[in-house]
Amino acid sequence: MRSVDSKKKINFIKSYWLDTLNINVYKYDENKLSNLNTYLLELTNVISSIKMDNSKYEKKKFGLVYIVEDLYSYLKQNIYFVKHYNKHGEIDYLSKMLERVLNAKNKENIKKQVLELEKLASNLQKIQENNIKLLFNELIYYIYSSVKLEDTYEYVKSLVMDLVIEIILDGYPIEYLIKEVYKETEFDFSTMSNYSLSLKEQFENKRTSFTQNKKMNKYTFIFRIDNLKSIQPFTIKGYTFYNPLRESHNRYFKNINTLFAEEGLMRKEEVEYLRNSPRMGKQDRSFFNIVQHTDLHVRVNTRHWNEIKAKQEVLKELEEIVTYIRFVYDISNIRVSEKNVTISGLKKSYPLWRDGRNIDKYLATNYRDLNIFRNKINELEDEDNLINKLFRVNDNSRQYLLNSLNSFHLGIDQSSTVNKFHHYWISAESLLANKKVGNIKSEIINTYSEHLTYYYYYIELVDIYNMIFAEFKYYYHNKETQKIEFPNEISSIEDLGDFYNYINLRVFSQNLRVFPEYIRNEYLIYRIDKFASLNENIETRVKFNARLKKTYQRQLSKIYSLRNQMFHNGSKDYTVIGFYTDWLESLLHALFGTIRNNLRDDGISNEGNYLDINYEQFVKFLRNSPANIIEFYISD
């Protein structure tokens with residue numbers, strides 16, 4: 001086939017890969033960050049919760065019906081897993097058992113089917129091969145096949161989603177995959193300069209990096225334990241805790257030397273003391289002032305094929321040990337620092353040394369300057385600013401918002417994923433407490449799914465505009481005039497000519513079909529076509545809106561089910577928790593963003609109707625109005 005077709009496919013794969021890793025509640029995808037193995041993990045967790053509950057096996061227990069519905073729908077659409085693991089009818093039998101559970105009556109005892117599902121899930125997990133390698137092979141075959149990209153959007157999306165999730169389940173965090181999507185340049189030592197890699201070379205390099213043989217390596221991790229002090233070293237479950245300034249003591253009792261790399265975990269005065277420490281017997285009072293108040297370090301050696309996964313496993317167990325130390329000895333405010341040292345052979349990674357004071361709370365990630373200029377000062381002193389508007393809401397309603405915000409901010413400040421989830425969930429519940437509802441689960445699922453569906457189209461259109469603008473800024477920027485030179489077909493459209501400084505969303509949405517001709521991002525072209533179809537066809541938009549709301553309901557129900565497992569059964573599946581913690585954080589950002597906008601528009605009464613929307617009116621507009629969707633949000 002022509003090389004231009006393969007380039008288009010690789011371009012689409014690259015863009016969709018990045019979009020998949022963008023955890024945003026408004027990034028719609030029916031199987032967002034899910035594949036067969038994540039569904040099997042969730043299914044086994046729910047079944048474990050039902051078994052621990054010692055009550056009847058009903059399909060609505062702990063959100064079982066939502067997991068079963070999602071997995072059943074996923075198997076109907078999936079290509080890769082069905083193709084590779086249905087050789088002896090395993091997938092067909094799983095689908096049959098899922099269907100039996102779905103068709104059971106609400107109060108029917110389905111213990112036999114549930115236990116059979118648990119057995120099937122376990123068997124399917126055991127028989128799987130190297131999915132990452134196989135999925136890359138599937139993509140390679142697809143890229144150079146004769147099929148057209150325009151006819152296979154859903155097929156390639158399914159393969160990419162399955163691949164990304166398999167890589168995450170293999171131990172690579174989302175942050176790593178975002179940074180390491182494709183290596184666009186490579187350094188040439190002969191010319192001592194960087195040279196660009198083609199899309200094909202980028203993809204091949206990425207495939208090689210994730211499919212190479214897994215070699216076991218030795219890793220040494222060193223962590224600082226904030227606020228934990230001790231003169232004597234000690235070891236718990238292979239983790240050696242020691243005072244880094246007592247070198248001779250540590251060497252004698254634990255055969256540990258303080259390394260240069262550890263200086264990045266210390267304060268400035270500790271580093272100076274370490275470098276100029278006096279001989280034993282000639283120490284002055286500074287010994288007690290510095291050494292006794294030095295935070296302990298922890299060192300652990302392990303073997304693993306994946307550095308990132310090794311660190312995650314070590315950190316998980318270390319946090320548990322530190323929590324037990326804090327509990328048993330009633331020590332206040334000790335925690336594992338986010339800074340750490342990693343050593344593997346000659347390779348070392350370590351932070352720069354700390355300032356003379358404890359600057360953790362002043363780090364760039366935690367400390368925010370208001371950056372107040374004259375206009376900001378005027379805004380803060382304005383009687384009608386957002387803060388003063390909040391104080392006009394009645395005390396009771398304002399307290400619920402305050403509780404929600406406090407929990408949200410506590411969650412952001414946490415380093416532990418589990419702690420983040422706890423605080424985010426409390427924040428989500430507190431935000432609805434003002435409604436005095438009887439069933440918090442149904443209220444969260446219905447209110448938040450309607451809210452997200454209501455604003456989805458506006459957010460999606462604005463995001464499409466931002467991506468188009470970025471494309472034009474990159475490809476059509478005139479360096480001499482420092483302006484973007486838009487094609488005549490776009491600049492000549494009335495009210496769209498000033499695309500650089502101002503965007504008329506009404507006109508923009510009416511002329512979406514004009515842009516794909518001038519865009520090189522294949523996934524963006526796909527999104528434009530999809531949104532334009534919703535604008536042009538009422539039947540398409542009504543069906544899409546129903547699927548969109550149902551997807552949000554299922555996602556929220558999964559999170560509620562996970563909340564029950566964590567709060568009542570002590571479940572700690574860190575992979576699944578990580579997915580939904582990021583999603584829950586994105587949900588809260590969206591909700592608080594709406595509240596800010598409502599405050600600006602005076603859309604919040606004294607009773608504190610923070611999230612009130614007229615969803616019925618919105619659905620009626622979608623069904624009856626021939627106008628494009630954005631008209632609903634724009635008032636003349």
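The values are calculated or read from the model by the stated rules, or taken from the named source; none is laboratory data. Quantities reported herein were computed from a predicted structural model and do not represent experimental measurements. Cβ atoms come from the backbone with ideal geometry, glycine included; neighbour counts cover every protein chain shown. Please note that ligands, DNA and RNA were not included when accessible areas were found on the heavy atoms of the full protein model with its side chains. Shrake-Rupley method; radii C 1.70, N 1.55, O 1.52, S 1.80 Å.
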request  = Would you check which residues across the stretch 257-272 are of a type outside the set (D, E, K, R), touching an Asp or Glu at 6+ places or on another chain (Cβ under 7 Å) and at pLDDT below 85 and list them?
outcome  = 271
ask   = Out of curiosity, is residue 409 open to solvent by 20 Å² or more (accessible area, probe 1.4 Å), modelled with pLDDT of 80 or more and out of contact with any helix residue (DSSP H, G or I) (no Cβ under 8 Å at 6 or more places or on another chain)?
value = yes
ask   = Out of all the residues in the stretch 206-226, which are at pLDDT 85 or above and of a type outside the set (A, V, I, L, M, F, W, C)?
value = 218, 219, 220, 224, 226
request  = Taking residue 165 as the residue in question, decide whether it is closer than 17 Å to residue 82 by Cβ, touching a residue at least 60 places away in the same chain (Cβ under 8 Å) and buried (at least 16 other Cβ atoms within 10 Å of the Cβ).
outcome  = yes
query = For the stretch 601-617, does any single residue satisfy the condition of being at pLDDT 80 or above and in contact with a helix residue (DSSP H, G or I) (Cβ under 6 Å, 6 or more places away or on another chain)?
reply = yes
query = Out of all the residues in the stretch 69-104, which are under 29 Å from the mean Cα position of the chain (by Cα) and in a loop (DSSP other than H, G, I, E, B)?
reply = 78, 79, 85
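One line per residue, one yes/no per condition, for (1) surrounded by fewer than 19 Cβ atoms within 10 Å (Cβ to Cβ); (2) in the same structural domain as residue 203 (by the TED database); (3) outside any helix (DSSP H, G or I):
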position	(1), (2), (3)
8	no, yes, no
12	no, yes, no
16	no, yes, no
22	yes, yes, yes
27	yes, yes, yes
31	no, yes, yes
38	no, yes, no
43	no, yes, no
46	no, yes, no
request  = Return the residue satisfying two criteria in turn: it lies in the stretch 141-160 and is touching a residue at least 40 places away in the same chain (Cβ under 8 Å) and out of contact with any Phe, Trp or Tyr (no Cβ under 8 Å at 6 or more places or on another chain), and of such residues it is least open to solvent (accessible area, probe 1.4 Å).
outcome  = 145
message = Could you list, ordered by first residue, the pairs with Cβ atoms under 7 Å in which the first is in the stretch 389-418 and over 20 Å from residue 320 (Cα atoms) and the second is β-branched (Val, Ile, Thr) and open to solvent by 20 Å² or more (accessible area, probe 1.4 Å), at least 6 apart or interchain?
response = 393/604; 407/426
ask   = When you go through 130, 106 one by one, which is the residue that is more than 28 Å from residue 20 (Cβ to Cβ) and either modelled with pLDDT under 85 or not assigned by the TED database to the domain that holds residue 22 (or both)?
value = 106
